[in-house]
Amino acid sequence: MKIMGIDSSTPQGSVALLENGQILAQAEVGNNSAFSNQILKLLDTVLNESKSRLGDVHGFCLTAGPGSFTGLRVGASLLKGLVLATSKPFVKIDTLEATALRAIPSSNNICAVLDAKKQELYTATFREHNGALKRLTPDRAIAPEDLCQEIKEPTVFIGNGLDTYGDLLASRLKDFFLPAPQNLPFTVAGCAARLAEAHFGDEKLFDLNELTLKYVRRSEAEINNLKGGH
């Protein structure tokens, strides 16, 4: 089974193609480039490198959040187009879980952190068990200082939230702060595809009305609209 993974919820957007547990090809957005400007190019790159056609893909998966509001909508639009064009099913994958999977193997807890703006992080903590992830906390938006109060043991941190708050987390947590290695072998899209493969049999969807996104909190536009309504 070939599954195409798509991640547009993180700044380092990516596309990957997986077959029977193996990543055939994957590609990431270049630095300082918008995912929406590269998405189709990434898709073509992955298909060409894997010597595959879109018709060879058995299904798709999308990181459905939390993450960039704009990025999530770009990915949802792409997925809808692919599903309509191919009549193939799809699976929704939690962005933080796919991010955390990049850090295994690990004998420590893994905390995925994405920059949520407004001086907050989208975060969730996991633990590896037999090659899979066990969730320890729900997805939420939280101030980095409050997250530090919750960390009681050495924990691996991974995600673009470290670009903004890595120094703060390191200074507050000291020996409890373990940054994930650089140059990890799998993209977020690749890890999403790996997660999707395990659930494709009983969780795949055909109805695009079921493509719901996990925003965790309201967008700025929604907040402003609510304020304007008072």
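The values are calculated or read from the model by the stated rules, or taken from the named source; none is laboratory data. Everything numeric here is computed off the predicted structure, so don't read it as measured data. Cβ placement follows ideal geometry from the backbone for every residue including glycine, while neighbour counts extend to all protein chains displayed.
Yes/no matrix, rows are residues, columns are (1) out of contact with any strand residue (DSSP E or B) (no Cβ under 6 Å at 6 or more places or on another chain); (2) within 26 Å of Asp207 (Cβ to Cβ); (3) among the polar types (S, T, N, Q):
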site	(1), (2), (3)
Gln26	no, no, yes
Thr45	no, no, yes
Glu49	no, no, no
Thr63	no, yes, yes
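Contact annotation: residue pairs with Cβ atoms under 6 Å, 6 or more positions apart or on different chains, pairing a residue in segment 21-49 that is in the same structural domain as Cys191 (by TED's automatic domain parsing) and crowded, with 17+ Cβ neighbours inside 10 Å with a partner that is of a type in the set (Asp, Glu) and at pLDDT 95 or above, are Ala25/Glu49. Residues in segment 51-60 that are touching a residue at least 12 places away in the same chain (Cβ under 8 Å) and of a type outside the set (Gly, Ala, Ser): Leu54, Asp56, Val57, His58, Phe60. Would segment 180-189 turn up any residue that is crowded, with 19+ Cβ neighbours inside 10 Å and either without any contact (Cβ under 8 Å) to a residue 40 or more places away in the chain or among the basic types (Lys, Arg) (or both)? There is no residue in segment 180-189 that is crowded, with 19+ Cβ neighbours inside 10 Å and either without any contact (Cβ under 8 Å) to a residue 40 or more places away in the chain or among the basic types (Lys, Arg) (or both). Every test in (1) assigned to a helix (DSSP H, G or I); (2) surrounded by 14 or more Cβ atoms within 10 Å (Cβ to Cβ) is passed by Glu145 save one, and that test is (2).
Just so you know, in segment 181-230 the residues that are modelled with pLDDT of 80 or more and hydroxyl-bearing (Ser, Thr, Tyr) include one that is nearest to Met1 (Cα to Cα), and it is Thr187. Scanning segment 52-110 for residues that are more than 21 Å from Ala198 (Cα to Cα), surrounded by 21 or more Cβ atoms within 10 Å (Cβ to Cβ) and not assigned by TED's automatic domain parsing to the domain that holds Leu208 returns a single hit, Asn109.
Within the group Thr63, Thr95, Thr99, which residue is touching a residue at least 12 places away in the same chain (Cβ under 8 Å), among the hydroxyl-bearing types (Ser, Thr, Tyr), in contact with an Asp or Glu (Cβ under 6 Å, 6 or more places away or on another chain) and closer than 20 Å to Lys214 by Cβ?
Values: Thr95 fails: in contact with an Asp or Glu (Cβ under 6 Å, 6 or more places away or on another chain); Thr99 fails: in contact with an Asp or Glu (Cβ under 6 Å, 6 or more places away or on another chain).
Of Thr63, Thr95, Thr99, the one residue that is touching a residue at least 12 places away in the same chain (Cβ under 8 Å), among the hydroxyl-bearing types (Ser, Thr, Tyr), in contact with an Asp or Glu (Cβ under 6 Å, 6 or more places away or on another chain) and closer than 20 Å to Lys214 by Cβ is Thr63.
Do the conditions hold for Leu195, that is, is it under 21 Å from Ser107 (Cβ atoms), surrounded by 14 or more Cβ atoms within 10 Å (Cβ to Cβ) and in the same structural domain as Val29 (by TED's automatic domain parsing)? So Leu195 passes the test.
Within segment 60-99, track down each residue that is of a type in the set (Gly, Ala, Ser), in a helix (DSSP H, G or I) and within 8 Å of the chain's Cα centre (by Cα).
Start the filter on segment 60-99 by keeping residues that are of a type in the set (Gly, Ala, Ser), which leaves 64-65, 67-68, 71, 75-77, 81, 85, 87, 98.
Next cut, in a helix (DSSP H, G or I) only: 71, 75-77, 81, 85, 98.
The one that is of a type in the set (Gly, Ala, Ser), in a helix (DSSP H, G or I) and within 8 Å of the chain's Cα centre (by Cα): Ala98.
So if I check each of Lys134, Lys174, which one is within 17 Å of the chain's Cα centre (by Cα), more than 17 Å from Pro66 (Cβ to Cβ) and without any contact (Cβ under 8 Å) to a residue 60 or more places away in the chain? Lys134 is the lone residue from the list that is within 17 Å of the chain's Cα centre (by Cα), more than 17 Å from Pro66 (Cβ to Cβ) and without any contact (Cβ under 8 Å) to a residue 60 or more places away in the chain. Scanning segment 111-130 for residues that are farther than 16 Å from Ile142 by Cα, surrounded by fewer than 21 Cβ atoms within 10 Å (Cβ to Cβ) and not polar (S, T, N, Q) yields Arg127, Glu128, His129.
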